[in-house]
1. Would you calculate the separation in nanometres between label points at A:Lys437 and A:Asn46, each defined as 7 Å from the Cα along the Cα-to-beta-carbon direction?
2. Taking θ = phi - 60°, what integer Hz values does the Karplus form 6.51 cos²θ - 1.76 cosθ + 1.60 yield along segment A:24-29, in sequence order, with x for Gly and Pro?
3. Amide H neighbours of A:Ile407 under 5 Å, at least 5 residues apart or on other chains, H built in the peptide plane: list them.
4. Pop a pseudo-label 7 angstrom from the Cα along the beta-carbon direction at both A:Val156 and B:Gln93 and give the gap in nm to one decimal.
5. Going by average Cβ neighbours within 10 Å, how do the peptides A:146-157, A:173-184, A:207-218, A:441-452 rank, with the highest at the top?
6. What are the ³J(HN,Hα) couplings of segment A:66-73, residue after residue, when phi is run through the Karplus curve with 6.51, -1.76, 1.60 and θ = phi - 60°? Round to Hz, x for glycine and proline.
7. Taking only protein heavy atoms and a 1.4 Å probe, what accessible area per residue, in Å², does the protein assembly as shown have with all protein chains in place?
8. Any idea what the dipole of segment A:223-291 comes to, in debye rounded to 20, about its Cα centre with Lys/Arg Cβ at +1 and Asp/Glu Cβ at -1?
Amino acid sequence: MVLAKDYDSVMGRANEIMKKALGLDYQEFESGSIAFDYEALMKSTNYTLEEVAKIQAKTAVGNTPLIELRNLSTLSRKYAKPGYGARIFAKDEAANVSGSFKARRAACAVAHAKKLGYKGVIAATSGNYGAAVASQAAMQGLECIVVQECYDSKGVGQPEIIEKARKCEAYGAEVVQLTVGPELFYSFLSIMEDTGYFNASLYSPFGIAGVETLGYEIAMQCRELLGKDPDMVVCTNAGGGMITGTARGLLKAGCTNTEIVAASIDLTGLHMASDSQFNKKSCTTGHTGFGVPYATDPDHSDVPRSAARTLRYADRYVTVTQGEVMYITEALANLEGIERGPAGNTSLAAAFSLAQELPEDAILVISETEYTGAGKHIQPQLAFARDNGIDIIFGDPAKEDKPGVNIVLPKDPGYIKHQEADINRFRQSLINRACKKAGVTNPSEADLKFLAEETKTNVEFVKKTLGL
Amino acid sequence: MSKKGDWVRIHSIVLKAEERTGRIPEDTQKCDFQQWTKGFLQDESANIGDEVTVKTAANRIVKGTLIEETPYYTHSYGKFVPEIIEIDKQLRQIMFGGDK
Ligand SMILES: Cc1ncc(COP(=O)(O)O)c(C=O)c1O
């Protein structure tokens, strides 16, 4: 029988297609109410942290250097009160094969696909993850298809995304490029159904288990190098996999006192599915356009339940601006001799300012860097912005930043200032949405406990949010 | 003209504007949902604008309009952005008082 491939028919088969493409039935983790068994989902991978590390070691992933950014720490101290300004360290994830921490996620997902006997893998991503999956597929001998949201309706794409397409093709993958819009999911499902390939979702438990080694390594390297645990770890946040995996790894290493901070670029005001605004932004990940919706409603990705859950792990959520990230990226190259891609430096911009809240002997780690190259570099990204009518000015980002209108480079490093987002409001939003989605008005004890865990709060906070 | 086996880029419209889902911004709603991919030409020969079939890097058979023969990348390190040099100068000044 030939299956109908029109939009409604394919979307109608979504659950069936996804189940086949993941080899995992999410139904077994559901309670039938709001709660689901998150830890059981994470355990379903059946890989321990040691096994994950072994898989990664075989494919040139992990064990990246932890580098002290001495000059940036010194510079940051110039703007802190006496005795303040933490030591800033960067986990140089650009050293992974394929150039970003996404290789950790991909290594596990692709190894698992291979173990289950799939002939190929497919991933929906315009970012580093595509390159990571393509690289791992090349190494592990599977076919690979990457589906990208790439262009506006005129066929114009951000240089950063075009570079990712090039890198995927360099590893032998097919890249399917689409215009802006959520119908990407239809194309993705349709190709998945036709090929029978594994859904190497960014949000599967295999992917997130792959990031746990990152947090674990940070803990071990801090202990070895400095004789103590990090006081603060800052993670660039979009879909929440980075922060979830890193925090879980830190906890597995016993770092229970480390403060975990999510950092995103503030893109308030830009609509992510707008054709005309698509090329008005100058970063393609690590921004609030992904970060906030995923934090407050993790389960709207390409799997029934996301293993990436920001608010389970974040103690704080801060934002920085595009201009601050561009500036700090140049500073990293100029003062540290480390040239890396801007998106991964979102956490660095935040860290530069967060360090000033901590004493001089405190240890602040940013969880990653990413590779840089043609298109994926501040010069082409700023030049593209200027060509798209964006004003590039020096000024005070806190006062003048308008996403889609300008990029405000801080007039001196003292103007790099993170903004504290209201994490309690995000938590309340998650709680309300989860109840609404499940259609539940009087949650059970188990639901309340689940929502408290989901938001790193307590039952009292959940009850108060729901007016119970 | 391309001949069978040549590497080409094709384009197609996956959903016409009026077929798109309702839950998108108005400006996006007015646009067709489009797709591009690349592959080895399966037709004996074809010219730009022809409807063709290709075999992709992942061995999929896909149809579309031929839009580029021997496609290549043109993204780069971008045009000169004078502000970047300003940042460099400022950082040197603050850290080293000018020269190192
Ligand atoms: C370099 C880099 N850093 C951080 C992120 C954010 O990770 P996540 O989506 O898991 O929050 C991404 C991916 O989007 C990335 O490519």
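1. Going by the 7 Å Cα→Cβ label model, 2.8 nm.
2. Each residue's phi maps through the Karplus curve to give 9, 9, 6, 4, 5, 9 Hz.
3. For A:Ile407, the qualifying residues are A:Asp391, A:Ile392, A:Ile393.
4. Using points 7 Å along Cα→Cβ, the separation is 3.4 nm.
5. Numbers: A:146-157: 21.3, A:173-184: 24.4, A:207-218: 28.4, A:441-452: 16.2.
Output ranking for A:146-157, A:173-184, A:207-218, A:441-452: A:207-218, A:173-184, A:146-157, A:441-452.
6. After applying 6.51 cos²θ - 1.76 cosθ + 1.60, I find 9, 10, 7, 9, 5, 5, 5, 5 Hz.
7. On the way: 22010 Å² over 568 residues.
Value for the protein assembly as shown: 39 Å² per residue.
8. Roughly 140 debye for segment A:223-291.
The values are calculated or read from the model by the stated rules, or taken from the named source; none is laboratory data. Bear in mind the structure is a predicted one, so any value in this text is a computation, not a measurement. All Cβ positions, even for glycine, are placed from backbone atoms using ideal geometry, and neighbour counts span all protein chains on display. Surface accessibility is based on the protein's heavy atoms, side chains included, excluding ligands, DNA and RNA. Shrake-Rupley method; radii C 1.70, N 1.55, O 1.52, S 1.80 Å.
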